[in-house]
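Take a look at the structure set out below.
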There are 2 protein chains.
Amino acid sequence: MLSKSGVKYIQSLYHKKFRDEEGLFVAEGVKIVKEFLLHAADLLQRLYAIPEWIENNAMLLGQFPPDKLFEISNTELQRISSLATPNQVLAIVQKKAQQPVAPSGKEIILMLDDIQDPGNLGTIIRTADWFGINSILCGPGCADMYNAKVLQSTMGSIIRVNMQYTNLTDWHAKHDHIPIYGCTLSGTSVYEFRGDAGCIILVGNESKGIRPELLSRCTAQITIPRQGGAESLNASVATGIVLSAIMQHR
Amino acid sequence: MLSKSGVKYIQSLYHKKFRDEEGLFVAEGVKIVKEFLLHAADLLQRLYAIPEWIENNAMLLGQFPPDKLFEISNTELQRISSLATPNQVLAIVQKKAQQPVAPSGKEIILMLDDIQDPGNLGTIIRTADWFGINSILCGPGCADMYNAKVLQSTMGSIIRVNMQYTNLTDWHAKHDHIPIYGCTLSGTSVYEFRGDAGCIILVGNESKGIRPELLSRCTAQITIPRQGGAESLNASVATGIVLSAIMQHR
(Lines give C-alpha, C1' and ligand atoms only; values in the text may rest on other atoms or scores of the structure.)
Protein backbone atom coordinates (compact mmCIF):
# COMPACT_ATOMS: atom_id res chain seq x y z
CA MET A 1 0.00 0.00 0.00
CA LEU A 2 1.24 3.42 -0.93
CA SER A 3 1.03 6.03 1.80
CA LYS A 4 -0.47 9.44 1.09
CA SER A 5 2.91 11.08 1.57
CA GLY A 6 4.51 8.49 -0.72
CA VAL A 7 2.07 9.40 -3.46
CA LYS A 8 2.73 13.09 -2.88
CA TYR A 9 6.47 12.58 -3.03
CA ILE A 10 6.31 10.79 -6.40
CA GLN A 11 3.96 13.41 -7.79
CA SER A 12 6.37 16.15 -6.71
CA LEU A 13 8.98 14.60 -9.00
CA TYR A 14 6.91 15.72 -11.99
CA HIS A 15 8.20 19.21 -11.23
CA LYS A 16 11.71 20.14 -12.31
CA LYS A 17 12.44 22.00 -9.08
CA PHE A 18 11.92 18.87 -7.00
CA ARG A 19 13.75 16.63 -9.44
CA ASP A 20 16.75 18.94 -9.19
CA GLU A 21 16.58 19.04 -5.38
CA GLU A 22 16.23 15.29 -5.00
CA GLY A 23 18.49 14.22 -7.86
CA LEU A 24 15.74 11.83 -8.93
CA PHE A 25 13.21 11.47 -11.68
CA VAL A 26 10.29 9.24 -12.66
CA ALA A 27 10.50 6.85 -15.61
CA GLU A 28 7.25 5.19 -16.61
CA GLY A 29 6.13 2.31 -18.69
CA VAL A 30 7.20 -1.17 -19.72
CA LYS A 31 9.62 -0.10 -22.43
CA ILE A 32 11.78 2.44 -20.58
CA VAL A 33 11.85 0.47 -17.30
CA LYS A 34 13.06 -2.56 -19.23
CA GLU A 35 15.88 -0.48 -20.73
CA PHE A 36 16.92 0.70 -17.26
CA LEU A 37 16.82 -2.83 -15.83
CA LEU A 38 18.97 -4.10 -18.68
CA HIS A 39 21.47 -1.27 -18.97
CA ALA A 40 21.42 0.90 -15.86
CA ALA A 41 19.80 -1.08 -13.06
CA ASP A 42 22.04 0.56 -10.48
CA LEU A 43 20.25 3.86 -11.07
CA LEU A 44 16.86 2.40 -10.15
CA GLN A 45 15.96 3.45 -6.63
CA ARG A 46 12.49 2.00 -6.49
CA LEU A 47 10.10 0.17 -8.79
CA TYR A 48 6.32 0.31 -8.44
CA ALA A 49 4.56 -2.31 -10.49
CA ILE A 50 1.27 -4.13 -10.81
CA PRO A 51 1.30 -7.90 -10.07
CA GLU A 52 0.92 -8.77 -13.75
CA TRP A 53 4.13 -6.95 -14.71
CA ILE A 54 6.08 -8.51 -11.83
CA GLU A 55 4.91 -11.97 -12.86
CA ASN A 56 5.83 -11.44 -16.52
CA ASN A 57 9.25 -10.00 -15.75
CA ALA A 58 10.71 -12.47 -13.28
CA MET A 59 13.74 -13.05 -15.51
CA LEU A 60 14.38 -9.36 -16.01
CA LEU A 61 14.08 -8.78 -12.26
CA GLY A 62 16.50 -11.63 -11.50
CA GLN A 63 19.22 -9.64 -9.71
CA PHE A 64 17.05 -6.69 -8.70
CA PRO A 65 16.90 -6.12 -4.91
CA PRO A 66 13.44 -7.23 -3.72
CA ASP A 67 13.32 -4.47 -1.08
CA LYS A 68 13.27 -1.90 -3.89
CA LEU A 69 10.33 -3.50 -5.66
CA PHE A 70 6.82 -2.54 -4.58
CA GLU A 71 3.72 -4.30 -5.78
CA ILE A 72 0.84 -1.87 -6.22
CA SER A 73 -2.67 -1.99 -7.61
CA ASN A 74 -3.81 -0.45 -10.88
CA THR A 75 -5.63 2.24 -8.90
CA GLU A 76 -2.46 3.10 -7.00
CA LEU A 77 -0.48 3.22 -10.24
CA GLN A 78 -3.02 5.63 -11.64
CA ARG A 79 -2.49 7.92 -8.66
CA ILE A 80 1.27 8.18 -9.12
CA SER A 81 1.38 8.10 -12.91
CA SER A 82 1.59 11.11 -15.22
CA LEU A 83 0.16 9.16 -18.13
CA ALA A 84 -3.46 9.17 -19.23
CA THR A 85 -3.11 5.40 -19.60
CA PRO A 86 -0.58 4.17 -17.02
CA ASN A 87 1.59 1.37 -18.27
CA GLN A 88 2.14 -1.33 -15.61
CA VAL A 89 5.33 -0.04 -14.00
CA LEU A 90 6.87 3.17 -12.73
CA ALA A 91 10.45 3.70 -11.57
CA ILE A 92 12.12 6.27 -9.37
CA VAL A 93 15.49 6.75 -10.95
CA GLN A 94 18.65 8.47 -9.82
CA LYS A 95 19.97 11.13 -12.18
CA LYS A 96 23.42 10.48 -13.53
CA ALA A 97 25.98 13.21 -12.97
CA GLN A 98 26.14 15.27 -16.16
CA GLN A 99 29.03 14.08 -18.34
CA PRO A 100 30.50 17.00 -20.28
CA VAL A 101 30.51 16.43 -24.03
CA ALA A 102 34.16 15.78 -24.93
CA PRO A 103 34.61 16.08 -28.70
CA SER A 104 37.05 13.63 -30.25
CA GLY A 105 37.10 15.57 -33.51
CA LYS A 106 35.51 12.69 -35.38
CA GLU A 107 31.91 12.62 -34.33
CA ILE A 108 28.75 14.51 -35.04
CA ILE A 109 27.48 16.44 -32.05
CA LEU A 110 23.88 17.61 -32.04
CA MET A 111 23.33 21.10 -30.61
CA LEU A 112 19.79 22.16 -29.68
CA ASP A 113 19.01 25.82 -29.18
CA ASP A 114 15.75 26.17 -27.33
CA ILE A 115 13.77 23.05 -28.27
CA GLN A 116 10.89 23.77 -25.93
CA ASP A 117 8.39 21.07 -26.76
CA PRO A 118 9.05 17.96 -24.63
CA GLY A 119 7.74 15.63 -27.34
CA ASN A 120 10.12 17.17 -29.87
CA LEU A 121 13.12 16.91 -27.54
CA GLY A 122 12.40 13.28 -26.68
CA THR A 123 11.87 12.38 -30.33
CA ILE A 124 15.14 14.09 -31.29
CA ILE A 125 17.02 12.08 -28.62
CA ARG A 126 15.49 8.88 -29.99
CA THR A 127 16.40 9.84 -33.56
CA ALA A 128 19.98 10.76 -32.62
CA ASP A 129 20.31 7.36 -30.92
CA TRP A 130 19.02 5.63 -34.08
CA PHE A 131 21.77 7.27 -36.11
CA GLY A 132 24.44 6.51 -33.53
CA ILE A 133 24.89 10.08 -32.35
CA ASN A 134 25.89 9.98 -28.70
CA SER A 135 26.29 13.61 -27.70
CA ILE A 136 23.65 16.29 -27.49
CA LEU A 137 24.29 19.80 -26.25
CA CYS A 138 21.16 21.58 -25.02
CA GLY A 139 20.81 25.29 -24.44
CA PRO A 140 19.17 26.32 -21.16
CA GLY A 141 15.90 27.03 -22.99
CA CYS A 142 15.41 23.39 -23.96
CA ALA A 143 12.83 21.23 -22.20
CA ASP A 144 14.19 19.27 -19.23
CA MET A 145 15.42 15.83 -20.26
CA TYR A 146 13.80 14.36 -17.13
CA ASN A 147 10.37 15.75 -17.97
CA ALA A 148 7.90 12.82 -18.16
CA LYS A 149 6.88 13.57 -21.75
CA VAL A 150 10.51 13.85 -22.88
CA LEU A 151 11.38 10.50 -21.31
CA GLN A 152 8.30 8.91 -22.83
CA SER A 153 9.20 10.15 -26.31
CA THR A 154 12.80 8.93 -26.09
CA MET A 155 11.53 5.33 -25.84
CA GLY A 156 14.54 4.46 -23.72
CA SER A 157 17.20 6.21 -25.82
CA ILE A 158 17.84 8.55 -22.89
CA ILE A 159 20.04 5.80 -21.45
CA ARG A 160 22.41 5.75 -24.41
CA VAL A 161 22.69 9.41 -25.39
CA ASN A 162 24.84 11.81 -23.38
CA MET A 163 23.05 15.09 -22.77
CA GLN A 164 24.75 18.24 -21.56
CA TYR A 165 22.83 21.40 -20.68
CA THR A 166 25.01 24.43 -21.07
CA ASN A 167 25.31 27.92 -22.47
CA LEU A 168 25.89 27.05 -26.11
CA THR A 169 27.75 30.21 -27.07
CA ASP A 170 30.18 29.82 -24.16
CA TRP A 171 30.63 26.15 -24.93
CA HIS A 172 31.50 26.83 -28.54
CA ALA A 173 33.82 29.69 -27.61
CA LYS A 174 35.94 27.01 -25.91
CA HIS A 175 35.63 24.60 -28.85
CA ASP A 176 35.63 26.98 -31.78
CA HIS A 177 37.73 24.72 -33.99
CA ILE A 178 34.63 22.54 -34.45
CA PRO A 179 32.53 23.76 -37.36
CA ILE A 180 28.84 24.36 -36.69
CA TYR A 181 26.29 23.71 -39.42
CA GLY A 182 23.00 25.43 -38.68
CA CYS A 183 19.71 24.06 -39.97
CA THR A 184 17.75 26.95 -41.45
CA LEU A 185 15.23 27.67 -44.20
CA SER A 186 18.00 28.81 -46.54
CA GLY A 187 21.52 27.62 -47.23
CA THR A 188 23.16 24.65 -48.91
CA SER A 189 20.88 21.75 -49.73
CA VAL A 190 21.37 19.04 -47.17
CA TYR A 191 21.52 16.55 -50.07
CA GLU A 192 24.69 18.21 -51.35
CA PHE A 193 26.18 18.88 -47.94
CA ARG A 194 29.12 16.78 -46.79
CA GLY A 195 29.95 17.56 -43.17
CA ASP A 196 33.46 17.42 -41.75
CA ALA A 197 34.37 14.25 -39.85
CA GLY A 198 33.87 16.14 -36.60
CA CYS A 199 31.17 18.77 -36.64
CA ILE A 200 28.16 20.18 -34.85
CA ILE A 201 24.66 20.12 -36.32
CA LEU A 202 22.65 22.96 -34.79
CA VAL A 203 18.85 22.96 -34.63
CA GLY A 204 16.98 26.01 -33.38
CA ASN A 205 13.72 26.80 -31.68
CA GLU A 206 10.45 25.44 -33.11
CA SER A 207 9.14 28.83 -34.18
CA LYS A 208 12.04 31.29 -33.96
CA GLY A 209 14.83 29.11 -35.34
CA ILE A 210 18.45 29.68 -34.34
CA ARG A 211 19.21 32.80 -32.29
CA PRO A 212 21.46 35.37 -34.02
CA GLU A 213 24.43 34.97 -31.62
CA LEU A 214 24.61 31.27 -32.48
CA LEU A 215 23.84 31.73 -36.16
CA SER A 216 26.86 34.02 -36.40
CA ARG A 217 29.05 31.17 -35.14
CA CYS A 218 27.90 28.85 -37.94
CA THR A 219 30.42 27.79 -40.61
CA ALA A 220 27.52 27.31 -43.00
CA GLN A 221 23.76 26.93 -43.11
CA ILE A 222 22.07 23.82 -44.44
CA THR A 223 18.50 23.38 -45.51
CA ILE A 224 16.00 20.74 -46.62
CA PRO A 225 14.78 21.78 -50.07
CA ARG A 226 11.05 22.46 -50.10
CA GLN A 227 8.93 21.11 -52.95
CA GLY A 228 5.43 21.91 -51.72
CA GLY A 229 3.39 24.38 -49.77
CA ALA A 230 4.23 23.99 -46.06
CA GLU A 231 6.11 26.92 -44.54
CA SER A 232 8.32 24.79 -42.36
CA LEU A 233 8.86 21.32 -40.96
CA ASN A 234 8.38 20.08 -37.43
CA ALA A 235 11.70 20.41 -35.55
CA SER A 236 12.09 16.71 -34.82
CA VAL A 237 11.20 15.69 -38.39
CA ALA A 238 13.67 18.24 -39.76
CA THR A 239 16.38 16.94 -37.43
CA GLY A 240 15.70 13.38 -38.57
CA ILE A 241 15.91 14.32 -42.25
CA VAL A 242 19.15 16.26 -41.78
CA LEU A 243 20.81 13.50 -39.73
CA SER A 244 19.68 10.88 -42.24
CA ALA A 245 21.05 12.85 -45.20
CA ILE A 246 24.40 13.34 -43.46
CA MET A 247 24.77 9.88 -41.95
CA GLN A 248 24.09 8.06 -45.21
CA HIS A 249 27.50 9.25 -46.46
CA ARG A 250 29.50 8.29 -43.36
CA MET B 1 -21.11 37.64 -25.62
CA LEU B 2 -21.19 33.93 -26.11
CA SER B 3 -24.29 32.13 -24.85
CA LYS B 4 -24.00 29.05 -22.69
CA SER B 5 -25.48 26.93 -25.46
CA GLY B 6 -23.09 28.51 -27.97
CA VAL B 7 -20.14 27.46 -25.82
CA LYS B 8 -21.57 23.97 -25.45
CA TYR B 9 -22.09 23.66 -29.18
CA ILE B 10 -18.48 24.57 -29.97
CA GLN B 11 -17.19 22.21 -27.29
CA SER B 12 -19.28 19.40 -28.78
CA LEU B 13 -17.29 19.77 -32.00
CA TYR B 14 -14.23 18.41 -30.20
CA HIS B 15 -15.94 15.02 -30.48
CA LYS B 16 -15.79 13.16 -33.78
CA LYS B 17 -19.41 12.04 -33.53
CA PHE B 18 -20.67 15.62 -33.48
CA ARG B 19 -18.25 16.78 -36.14
CA ASP B 20 -19.57 14.04 -38.42
CA GLU B 21 -23.20 14.90 -37.67
CA GLU B 22 -22.73 18.62 -38.18
CA GLY B 23 -20.23 18.49 -41.04
CA LEU B 24 -18.18 21.06 -39.15
CA PHE B 25 -14.93 21.24 -37.22
CA VAL B 26 -12.95 23.71 -35.11
CA ALA B 27 -9.68 25.23 -36.35
CA GLU B 28 -7.73 27.20 -33.79
CA GLY B 29 -4.92 29.68 -33.73
CA VAL B 30 -3.46 32.51 -35.76
CA LYS B 31 -1.56 30.33 -38.23
CA ILE B 32 -4.28 27.95 -39.39
CA VAL B 33 -7.04 30.58 -39.45
CA LYS B 34 -4.83 32.76 -41.64
CA GLU B 35 -4.38 29.84 -44.06
CA PHE B 36 -8.15 29.36 -44.24
CA LEU B 37 -8.80 33.07 -44.79
CA LEU B 38 -6.25 33.14 -47.60
CA HIS B 39 -7.04 29.89 -49.34
CA ALA B 40 -10.44 28.57 -48.29
CA ALA B 41 -12.39 31.46 -46.80
CA ASP B 42 -15.66 30.08 -48.18
CA LEU B 43 -15.39 27.17 -45.73
CA LEU B 44 -15.30 29.47 -42.70
CA GLN B 45 -18.70 29.51 -41.06
CA ARG B 46 -17.83 31.64 -38.06
CA LEU B 47 -14.78 33.29 -36.56
CA TYR B 48 -14.40 34.01 -32.85
CA ALA B 49 -11.53 36.36 -32.14
CA ILE B 50 -10.17 38.66 -29.46
CA PRO B 51 -10.12 42.40 -30.31
CA GLU B 52 -6.34 42.44 -30.72
CA TRP B 53 -6.46 39.82 -33.49
CA ILE B 54 -9.30 41.60 -35.30
CA GLU B 55 -7.37 44.88 -35.18
CA ASN B 56 -4.17 43.29 -36.49
CA ASN B 57 -5.88 41.43 -39.30
CA ALA B 58 -8.05 44.07 -40.93
CA MET B 59 -6.40 43.44 -44.30
CA LEU B 60 -6.81 39.70 -44.09
CA LEU B 61 -10.46 40.12 -43.08
CA GLY B 62 -11.09 42.51 -46.00
CA GLN B 63 -13.78 40.51 -47.84
CA PHE B 64 -14.89 38.41 -44.88
CA PRO B 65 -18.62 38.81 -44.05
CA PRO B 66 -18.83 40.84 -40.82
CA ASP B 67 -21.88 38.89 -39.64
CA LYS B 68 -19.70 35.79 -39.39
CA LEU B 69 -17.08 37.48 -37.21
CA PHE B 70 -17.61 37.54 -33.46
CA GLU B 71 -15.46 39.57 -31.10
CA ILE B 72 -14.95 37.73 -27.82
CA SER B 73 -12.89 38.22 -24.68
CA ASN B 74 -9.84 36.18 -23.72
CA THR B 75 -11.91 34.48 -21.02
CA GLU B 76 -14.55 33.49 -23.55
CA LEU B 77 -11.88 32.18 -25.91
CA GLN B 78 -10.52 30.07 -23.10
CA ARG B 79 -13.94 28.53 -22.60
CA ILE B 80 -14.32 27.41 -26.21
CA SER B 81 -10.68 26.53 -26.90
CA SER B 82 -9.13 23.08 -26.71
CA LEU B 83 -5.65 24.51 -26.24
CA ALA B 84 -3.85 24.97 -22.94
CA THR B 85 -2.81 28.38 -24.27
CA PRO B 86 -5.54 29.65 -26.60
CA ASN B 87 -4.22 31.58 -29.55
CA GLN B 88 -6.34 34.67 -30.34
CA VAL B 89 -8.79 33.21 -32.82
CA LEU B 90 -10.97 30.15 -33.34
CA ALA B 91 -12.91 29.21 -36.46
CA ILE B 92 -15.88 26.96 -37.09
CA VAL B 93 -15.14 25.44 -40.46
CA GLN B 94 -17.22 23.44 -42.89
CA LYS B 95 -15.76 20.08 -43.84
CA LYS B 96 -15.05 19.66 -47.52
CA ALA B 97 -16.66 16.67 -49.22
CA GLN B 98 -14.02 13.94 -49.35
CA GLN B 99 -12.28 13.93 -52.73
CA PRO B 100 -11.30 10.42 -53.73
CA VAL B 101 -7.59 10.09 -54.46
CA ALA B 102 -7.34 9.73 -58.25
CA PRO B 103 -3.89 8.41 -59.17
CA SER B 104 -2.40 9.87 -62.34
CA GLY B 105 0.33 7.23 -62.39
CA LYS B 106 3.02 9.83 -61.86
CA GLU B 107 2.77 10.87 -58.26
CA ILE B 108 3.71 9.54 -54.88
CA ILE B 109 0.71 8.70 -52.75
CA LEU B 110 1.17 8.31 -49.03
CA MET B 111 -0.79 5.47 -47.43
CA LEU B 112 -1.18 5.42 -43.64
CA ASP B 113 -2.25 2.22 -41.94
CA ASP B 114 -3.43 2.99 -38.44
CA ILE B 115 -1.50 6.13 -37.44
CA GLN B 116 -3.31 6.59 -34.15
CA ASP B 117 -1.45 9.47 -32.53
CA PRO B 118 -3.01 12.79 -33.60
CA GLY B 119 0.32 14.62 -33.32
CA ASN B 120 1.96 12.07 -35.60
CA LEU B 121 -0.82 12.27 -38.17
CA GLY B 122 -0.76 16.07 -38.25
CA THR B 123 3.01 16.15 -38.51
CA ILE B 124 2.93 13.63 -41.37
CA ILE B 125 0.40 15.79 -43.25
CA ARG B 126 2.67 18.82 -42.77
CA THR B 127 5.72 16.85 -43.95
CA ALA B 128 3.90 15.49 -47.02
CA ASP B 129 2.91 19.06 -47.91
CA TRP B 130 6.55 20.20 -47.57
CA PHE B 131 7.61 17.59 -50.12
CA GLY B 132 4.74 18.39 -52.48
CA ILE B 133 2.81 15.19 -51.86
CA ASN B 134 -0.86 15.97 -52.29
CA SER B 135 -2.65 12.70 -51.67
CA ILE B 136 -2.86 10.73 -48.45
CA LEU B 137 -4.90 7.57 -48.03
CA CYS B 138 -5.80 6.82 -44.40
CA GLY B 139 -7.03 3.51 -43.07
CA PRO B 140 -10.06 3.66 -40.76
CA GLY B 141 -7.78 3.21 -37.72
CA CYS B 142 -6.01 6.53 -38.29
CA ALA B 143 -6.74 9.51 -36.07
CA ASP B 144 -9.48 11.81 -37.39
CA MET B 145 -8.04 14.58 -39.57
CA TYR B 146 -10.41 17.07 -37.91
CA ASN B 147 -9.21 16.25 -34.40
CA ALA B 148 -7.93 19.47 -32.78
CA LYS B 149 -4.43 18.11 -32.16
CA VAL B 150 -4.15 16.82 -35.73
CA LEU B 151 -5.15 20.20 -37.15
CA GLN B 152 -2.74 21.98 -34.81
CA SER B 153 0.15 19.77 -35.89
CA THR B 154 -0.54 20.25 -39.60
CA MET B 155 0.20 23.98 -39.22
CA GLY B 156 -2.25 24.72 -42.01
CA SER B 157 -1.12 22.01 -44.44
CA ILE B 158 -4.54 20.35 -44.05
CA ILE B 159 -5.80 22.87 -46.61
CA ARG B 160 -3.44 21.72 -49.33
CA VAL B 161 -3.29 17.96 -48.86
CA ASN B 162 -6.14 15.74 -50.06
CA MET B 163 -7.01 13.14 -47.45
CA GLN B 164 -9.16 10.12 -48.13
CA TYR B 165 -10.27 7.71 -45.39
CA THR B 166 -10.95 4.29 -46.80
CA ASN B 167 -10.36 0.58 -46.44
CA LEU B 168 -6.80 0.40 -47.76
CA THR B 169 -6.92 -3.21 -48.92
CA ASP B 170 -10.10 -2.62 -50.90
CA TRP B 171 -8.71 0.59 -52.33
CA HIS B 172 -5.57 -1.12 -53.55
CA ALA B 173 -7.52 -4.08 -54.94
CA LYS B 174 -9.04 -1.56 -57.36
CA HIS B 175 -5.67 0.09 -58.11
CA ASP B 176 -3.35 -2.89 -57.97
CA HIS B 177 -1.20 -1.70 -60.87
CA ILE B 178 0.31 0.88 -58.51
CA PRO B 179 3.30 -0.55 -56.61
CA ILE B 180 3.27 -0.21 -52.83
CA TYR B 181 6.53 0.26 -50.95
CA GLY B 182 6.14 -0.52 -47.29
CA CYS B 183 8.33 1.13 -44.64
CA THR B 184 9.54 -1.57 -42.27
CA LEU B 185 12.54 -2.41 -40.11
CA SER B 186 13.99 -4.62 -42.83
CA GLY B 187 14.19 -4.38 -46.60
CA THR B 188 16.06 -2.29 -49.15
CA SER B 189 17.90 0.73 -47.79
CA VAL B 190 15.89 3.83 -48.52
CA TYR B 191 19.13 5.45 -49.71
CA GLU B 192 19.39 2.94 -52.55
CA PHE B 193 15.70 2.81 -53.28
CA ARG B 194 14.40 4.48 -56.44
CA GLY B 195 10.62 4.45 -56.51
CA ASP B 196 8.60 4.22 -59.69
CA ALA B 197 7.24 7.50 -61.04
CA GLY B 198 3.86 6.60 -59.64
CA CYS B 199 3.88 4.64 -56.41
CA ILE B 200 2.49 4.33 -52.92
CA ILE B 201 4.61 4.74 -49.79
CA LEU B 202 2.98 2.84 -46.96
CA VAL B 203 3.59 3.65 -43.29
CA GLY B 204 2.16 1.43 -40.56
CA ASN B 205 1.02 1.75 -36.99
CA GLU B 206 3.32 3.35 -34.39
CA SER B 207 3.93 0.14 -32.49
CA LYS B 208 2.63 -2.71 -34.64
CA GLY B 209 3.84 -1.55 -38.04
CA ILE B 210 2.03 -2.57 -41.23
CA ARG B 211 -0.70 -5.19 -40.89
CA PRO B 212 -0.03 -8.53 -42.69
CA GLU B 213 -2.84 -8.15 -45.25
CA LEU B 214 -1.31 -4.89 -46.46
CA LEU B 215 2.28 -6.06 -46.16
CA SER B 216 1.45 -8.90 -48.54
CA ARG B 217 0.37 -6.32 -51.15
CA CYS B 218 3.76 -4.58 -51.03
CA THR B 219 6.02 -4.73 -54.09
CA ALA B 220 8.99 -4.27 -51.79
CA GLN B 221 9.93 -3.19 -48.30
CA ILE B 222 12.18 -0.21 -47.62
CA THR B 223 14.00 0.68 -44.46
CA ILE B 224 16.11 3.41 -42.89
CA PRO B 225 19.46 1.84 -41.97
CA ARG B 226 20.10 1.95 -38.23
CA GLN B 227 23.52 2.97 -36.96
CA GLY B 228 22.89 3.21 -33.22
CA GLY B 229 20.93 1.75 -30.36
CA ALA B 230 17.28 2.86 -30.73
CA GLU B 231 14.86 0.07 -31.57
CA SER B 232 12.74 2.17 -33.89
CA LEU B 233 12.01 5.69 -35.04
CA ASN B 234 8.97 7.82 -34.36
CA ALA B 235 6.44 7.29 -37.19
CA SER B 236 6.40 10.91 -38.35
CA VAL B 237 10.21 11.19 -38.27
CA ALA B 238 10.51 7.93 -40.23
CA THR B 239 7.99 9.18 -42.80
CA GLY B 240 9.94 12.42 -43.16
CA ILE B 241 13.23 10.59 -43.69
CA VAL B 242 11.73 8.21 -46.27
CA LEU B 243 10.00 10.99 -48.21
CA SER B 244 13.15 13.10 -48.15
CA ALA B 245 15.32 10.24 -49.42
CA ILE B 246 12.88 9.53 -52.25
CA MET B 247 12.06 13.10 -53.23
CA GLN B 248 15.69 14.15 -53.51
CA HIS B 249 15.95 12.05 -56.67
CA ARG B 250 12.78 13.30 -58.35
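The values are calculated or read from the model by the stated rules, or taken from the named source; none is laboratory data. Treat the numbers as computed from the prediction; the structure is a model and nothing was measured. Glycine also receives a Cβ, built like all others from the backbone with ideal geometry; neighbour counts cover every protein chain displayed.
Residues in segment B:117-142 that are aliphatic (A, V, I, L, M) and either within 12 Å of B:E206 (Cα to Cα) or within 12 Å of another protein chain (Cβ to nearest Cβ) (or both): B:L121, B:I124, B:I125, B:A128, B:I133. In segment B:240-250, the residue that is modelled with the lowest pLDDT out of those that are within 7 Å of another protein chain (Cβ to nearest Cβ) and within 20 Å of the chain's Cα centre (by Cα) is B:M247. Among residues of segment A:228-239 that are within 7 Å of chain B (Cβ to nearest Cβ), those with a beta-carbon under 6 Å from a residue that is among the charged types (D, E, K, R) and not in a helix (DSSP H, G or I) at least six positions away or on a different chain give the pairs A:G229/B:R160. When the residues of segment A:204-215 are filtered to those that are farther than 13 Å from A:H172 by Cβ and more than 13 Å from chain B (Cβ to nearest Cβ), which remaining residue is surrounded by the most Cβ atoms within 10 Å (Cβ to Cβ)? Filtering segment A:204-215 for residues that are farther than 13 Å from A:H172 by Cβ and more than 13 Å from chain B (Cβ to nearest Cβ), the one surrounded by the most Cβ atoms within 10 Å (Cβ to Cβ) comes out as A:G204. Scanning segment A:29-42 for any residue that is outside any helix (DSSP H, G or I), surrounded by fewer than 20 Cβ atoms within 10 Å (Cβ to Cβ) and under 20 Å from the mean Cα position of the chain (by Cα) turns up at least one such residue. Kindly check whether there is at least one residue in segment B:72-91 that is in contact with a Pro (Cβ under 7 Å, 6 or more places away or on another chain) and surrounded by 14 or more Cβ atoms within 10 Å (Cβ to Cβ). Yes, because at least one residue in segment B:72-91 is in contact with a Pro (Cβ under 7 Å, 6 or more places away or on another chain) and surrounded by 14 or more Cβ atoms within 10 Å (Cβ to Cβ).
Determine, yes or no, whether A:I178 is surrounded by fewer than 20 Cβ atoms within 10 Å (Cβ to Cβ), in contact with a His (Cβ under 6 Å, 6 or more places away or on another chain) and in the same structural domain as A:L215 (by TED's automatic domain parsing). No. For segment B:155-164, the count of residues that are in contact with a Ser or Thr (Cβ under 8 Å, 6 or more places away or on another chain) and loosely packed, with under 14 Cβ neighbours inside 10 Å is zero. Against the conditions (1) more than 10 Å from the chain's Cα centre (by Cα); (2) surrounded by fewer than 22 Cβ atoms within 10 Å (Cβ to Cβ); (3) within 26 Å of B:E213 (Cα to Cα), B:I115 satisfies every one except (2).
Of the set (1) within 14 Å of chain B (Cβ to nearest Cβ); (2) in contact with a helix residue (DSSP H, G or I) (Cβ under 7 Å, 6 or more places away or on another chain); (3) hydroxyl-bearing (S, T, Y), all apply to A:T169 but (1).
Against the test of being buried (at least 18 other Cβ atoms within 10 Å of the Cβ) and free of Cβ contacts under 8 Å to residues at least 40 places away in the same chain, the options B:C183, B:C218, B:C199 yield a single qualifying residue, B:C218. Can you pull out every residue in segment A:77-107 that is in contact with a Phe, Trp or Tyr (Cβ under 9 Å, 6 or more places away or on another chain), under 25 Å from A:N56 (Cβ atoms) and of a type in the set (V, I, T)? Scanning segment A:77-107 gives A:I80, A:V89, A:I92, A:V93.
One line per residue, one yes/no per condition, for (1) free of Cβ contacts under 8 Å to residues at least 24 places away in the same chain; (2) of a type in the set (F, W, Y); (3) over 30 Å from B:M247 (Cα atoms):
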site	(1), (2), (3)
B:V26	no, no, yes
B:I50	no, no, yes
B:T75	yes, no, yes
B:Q99	no, no, no
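B:T188 falls short on exactly one of the conditions (1) of a type outside the set (K, R); (2) within 14 Å of another protein chain (Cβ to nearest Cβ); (3) surrounded by fewer than 17 Cβ atoms within 10 Å (Cβ to Cβ); (4) closer than 19 Å to B:K17 by Cα, and that condition is (4).
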